[in-house]
1. First measure r as the distance between the Cβ atoms of N14 and Q135, then evaluate 1/(1 + (r/R0)^6) with R0 = 22 Å and state the FRET efficiency to the nearest 0.05.
2. First compute the accessible area of the chain with a 1.4 Å probe, then give the percent of it belonging to carbon and sulfur atoms.
3. Under 5 Å between amide hydrogens, which residues at least 5 positions from L84 or on another chain qualify, with H placed 1.01 Å from N in the peptide plane?
4. What does DSSP give for the range 1-144 in terms of the percent of beta bridges that are antiparallel, rounded to the nearest 5?
5. Each residue of the range 114-122 in order: what ³J(HN,Hα) in whole Hz does its phi give by Karplus 6.51 cos²θ - 1.76 cosθ + 1.60, θ = phi - 60°, with x for Gly and Pro?
6. In whole angstrom, how far apart do the alpha carbon centroids of the range 78-106 and the range 114-147 sit?
7. Quick one: what are the phi-derived ³J(HN,Hα) couplings along the range 40-56, Karplus 6.51/-1.76/1.60 with θ = phi - 60°, whole Hz, x for glycine and proline?
8. For E187, E193, write out the residues from largest to smallest accessible area, computed with a 1.4 angstrom probe and no ligands counted.
Amino acid sequence: MNRLGFLIARTLRNETALQSLSVPQSDLLAALKDKHVALVGNARALAQTGHGKRIDNADLVIRINRAPMPAAASHGTRTDWLALATRLPDADRDRIAPARILWMSPKRKRLDWQTATSPGFYLHPLGDYQALRDQLGAPPTTGAMMIALITWSQMARLELFGFDFFASLSLSGRRTAEQVPHDFSQESAWVQELISSDRRIIRH
């Protein structure tokens with residue numbers, strides 16, 4: 001697909017055409033097999049920790065959206081995969097330098113050509129987004145979608161950093177919980193249930 005074809009597919013919401021740019025979900029899940037994964041959220045409270053080395057020691061480090069990293073001591077420095085639900089400014093793209101980008105948002109109109117043609121690009125299926133939205137009773141955060149996706153794999157361990165469900169707000173913005181469309185209490189309960197039933201998952 002060339003750029004014009006992409007723009008037309010995006011405008012017409014041609015999901016089949018857009019999915020042709022993505023690696024299959026099965027390939028993505030296969031890449032997680034036997035991996036120790038660090039999923040780094042954007043809670044402000046993470047900046048007060050010393051988890052950086054633990055994050056960087058994971059087999060695979062996944063960050064979210066603009067992936068703020070105020071200090072290596074708290075956040076580490078590596079980014080292998082970046083889970084996106086927003087346009088990524090060039091400066092952030094160069095700073096984060098992910099090896100793979102995953103587009104998690106159902107809002108395809110925000111997806112840009114550079115992201116869609118990046119190496120290993122993954123487009124999260126609308127059906128999976130909708131199923132989690134229905135389960136949570138509200139639009140899921142990018143972090144929740146990634147947690148669900150990773151748990152479908154045969155990963156060895158998933159460690160969650162910077163996930164306090166907006167208790168300390170987000171490093172990537174100034175909005176309060178009332179100003180975003182997510183149900184953080186429901187997401188927190190859902191994640192806690194996952195942790196209770198899956199010993200591979202640890203939240204710091």
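The values are calculated or read from the model by the stated rules, or taken from the named source; none is laboratory data. Please read all numbers here as calculations on a predicted model, not as lab measurements. All Cβ positions, glycine included, derive from the backbone under ideal geometry; neighbour counts span all protein chains shown. Side chains are part of the model used for accessible areas, which takes the heavy atoms of the whole protein and leaves out ligands, DNA and RNA. Shrake-Rupley method; radii C 1.70, N 1.55, O 1.52, S 1.80 Å.
1. Values: r = 27 Å, r/R0 = 1.23.
Computed FRET efficiency for N14 and Q135 comes out at 0.20.
2. 49
3. Here N65, L102, W103, M104 satisfy the definition.
4. 0
5. Result, rounded to whole Hz: 4, 5, 5, 10, 6, x, x, 3, 10.
6. 14
7. 9, x, 10, 4, 4, 4, 4, 5, 9, 10, x, 7, x, 5, 5, 4, 5
8. Numbers: E187 5, E193 130 Å².
Largest to smallest exposure gives the sequence E193, E187.
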